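Heads up, the thing below is written out as structure tokens.
The values are calculated or read from the model by the stated rules, or taken from the named source; none is laboratory data. Please read all numbers here as calculations on a predicted model, not as lab measurements. Cβ placement follows ideal geometry from the backbone for every residue including glycine, while neighbour counts extend to all protein chains displayed.
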Amino acid sequence: MALRSEMVSFAKLLKRFFRVQRKRMREQFRRVLPSNELFTDRWEKARFLGFGKGTSIYDSATVLGDVEVGENTWIGPHTILDGSGGLKIGSNCSISAGVQIYSHDSVQWATSGGGEPYAYAETCVADNCFIGPNSVISKGVVLHEKTVVGANSFVNKSFGPGVTIAGNPAVIIEKIN
């Protein structure tokens, strides 16, 4: 009975904490987040991962392998950062919600019935890049400085610096001054 009573008390305390945090978040930032985001600190997670000063990463983001991130980069919710083949992301980047960045694929492994190995290639996102929501960056791609990737794009090759790319597959839409 004592354990049940303690569990009920703990549940009430947790619910109260949740309500207070949700209210604070709405009042301070005008946003309502999933409950897990109310219990975590995006900047602490970035520090834990060894990312640069001022960088934040949502709790719902998945990080695999060796991922390096520079300073003041924002990594949004529900992202996948696959560093199994090496992934470097620069400073002052914005990685929007739902973005997936890969440094490996299993195409040859799957089509060979498991006889061939996975393919790995380092993927790089340079400084000052923006990747729009739900975009996918394939293994081995280099996004050079000041690249803008439009929402829902599939980037399977590298482009020069200072361009806006979009589409499936991505193509250059405009050059940025």
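Quick notes on this one:
- Verdict on F18 being surrounded by 12 or more Cβ atoms within 10 Å (Cβ to Cβ) and not assigned by TED's automatic domain parsing to the domain that holds S158: yes
- Test for T62: is it surrounded by fewer than 16 Cβ atoms within 10 Å (Cβ to Cβ) and within 16 Å of I131 (Cβ to Cβ): yes
- Where a residue in the stretch 161-177 is on the phi < 0 side of the Ramachandran plot and its partner, wherever it lies, is loosely packed, with under 13 Cβ neighbours inside 10 Å and of a type in the set (K, R), with Cβ under 8 Å and at least six apart: V163/K175; T164/K175; P169/K157; A170/K157
- All strands (runs of 3 or more DSSP E) inside the stretch 68-177 with 1 or more residues being within 11 Å of the chain's Cα centre (by Cα) and assigned by TED's automatic domain parsing to the domain that holds R47: 80-89
- The set of residues in the stretch 102-132 being farther than 16 Å from T73 by Cβ and either touching a residue at least 12 places away in the same chain (Cβ under 8 Å) or in contact with a Lys or Arg (Cβ under 7 Å, 6 or more places away or on another chain) (or both) consists of Y102, S103, H104, D105, S106, V107, Y118, A119, Y120, A121, E122.
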